[in-house]
Amino acid sequence: GAVVSQHPSWVICKSGTSVKIECRSLDFQATTMFWYRQFPKQSLMLMATSNEGSKATYEQGVEKDKFLINHASLTLSTLTVTSAHPEDSSFYICSTGQAYNSPLHFGNGTRLTVT
Amino acid sequence: RKEVEQDPGPFNVPEGATVAFNCTYSNSASQSFFWYRQDCRKEPKLLMSVYSSGNEDGRFTAQLNRASQYISLLIRDSKLSDSATYLCVVNQAGTALIFGKGTTLSVSS
């Protein structure tokens, strides 16, 4: 069964609104979660690393004030896309693993469309 | 140079064919290697880890060449259900996984 649950799977919103995506680890406590973004026909690009109880680490070029990450518990991390624009339309996916070099467990992804 | 490079394909093969994908990585400090499978509009799923000695899982064989910094995936007796995008993934100590763009495979009857 799934070890990472991501919600919602699909969302359409108007430009300027904010969207919150939740990622839950079901079978183990995840001190670290990763947030990726994937544009059509592109690879998964790491946006940020979310650490429980501390600030997230953002990759170069990712605006931390636009993509707010909260990891308040060992089982839940959230990504909020603030003031979404059409160029933010993408497939957002979270993942976690039990060790830094272990295979990742992915959530089922969130397909965001901003109109 | 990109960190992980793959031939995007698509590879169009008939059922029963054998097909091989290659992937190169730029960082010699990379320590862990994986092949993931991603179906259209779905999350990636682990297909297999890649070990230095090479490893096999049914019709799938993965190999690693550290000297040349490339990884391969061989699929024998292709099935229609093998149609997907195959992602090459590498990892260095203490970092998140790095994904290639993927190689698309289409198996036809």
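Nothing in this text is a laboratory measurement; each read-out follows from the coordinates by a stated rule. Source: prediction; values computed, not measured. Counting neighbours? That spans all protein chains shown, and the Cβs are built from the backbone with ideal geometry, glycine included.
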Can you tell me the FRET efficiency between B:Ser109 and A:Ser73 if r is taken as the Cβ-Cβ distance and R0 is 41 Å, rounded to the nearest 0.05? 0.25
Report Rg(Cα)/(2.2 N^0.38 Å) for the range B:44-109, keeping two decimals. 1.19
Taking the alpha carbon gyration tensor of the range B:1-87, what are the square roots of 5 times its eigenvalues, largest first, to the nearest whole Å? 22, 15, 12
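Under the 0.36 nm per residue contour assumption, what length would be gained going from the current alpha-carbon distance of A:Thr115 and A:Glu52 to full extension? Working shown, then result.
Values: separation 63, 0.36 × 63 = 22.68 nm, distance 3.27 nm.
Going from the current span to full extension adds 19.4 nm.
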Cα extents of the protein assembly as shown per principal axis, largest first, Å, are 49, 37, 37
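On alpha carbon coordinates alone, what is the Rg over Rh value for the range A:1-62, Rh being the Kirkwood radius?
Values: Rg = 13.4 Å, Rh = 13.7 Å.
My calculation puts Rg/Rh at 0.98.
Cα-based Rg of chain A per 2.2 N^0.38 Å, rounded to two decimals?
Numbers: Rg = 13.2 Å, N = 115, 2.2 N^0.38 = 13.4 Å.
That works out to 0.99 for chain A.
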At 20 °C and 1.002 mPa s, the Stokes-Einstein diffusion coefficient in µm²/s for the range A:30-92, with hydrodynamic radius from the Kirkwood sum on alpha carbon pairs, is 177
Can you list which of the trypsin sites (Lys or Arg not before Pro) found in the range A:1-108 are DSSP loop residues with at most 16 other C-beta atoms within 10 Å? A:Lys14, A:Lys41, A:Lys55, A:Lys64, A:Lys66
Taking 0.36 nm per intervening residue step and subtracting the Cα-Cα distance, what contour gain separates B:Arg76 from B:Leu46 on full extension? 9.0 nm
Given the Cα-Cα distance of A:Ser83 and A:Phe39 and 0.36 nm per residue of separation, how much length would full extension add, in nm? 14.0 nm
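Please identify the chymotrypsin sites (Phe, Trp or Tyr not before Pro) of the range B:17-109 that satisfy two criteria: DSSP loop assignment and at most 14 other Cβ atoms within 10 Å. Which are they?
Values: sites: B:Phe21, B:Tyr25, B:Phe33, B:Phe34, B:Trp35, B:Tyr36, B:Tyr51, B:Phe60, B:Tyr70, B:Tyr86, B:Phe99; in loops: B:Tyr51.
Within the range B:17-109, the qualifying chymotrypsin sites (Phe, Trp or Tyr not before Pro) (loop, at most 14 other Cβ atoms within 10 Å) are B:Tyr51.
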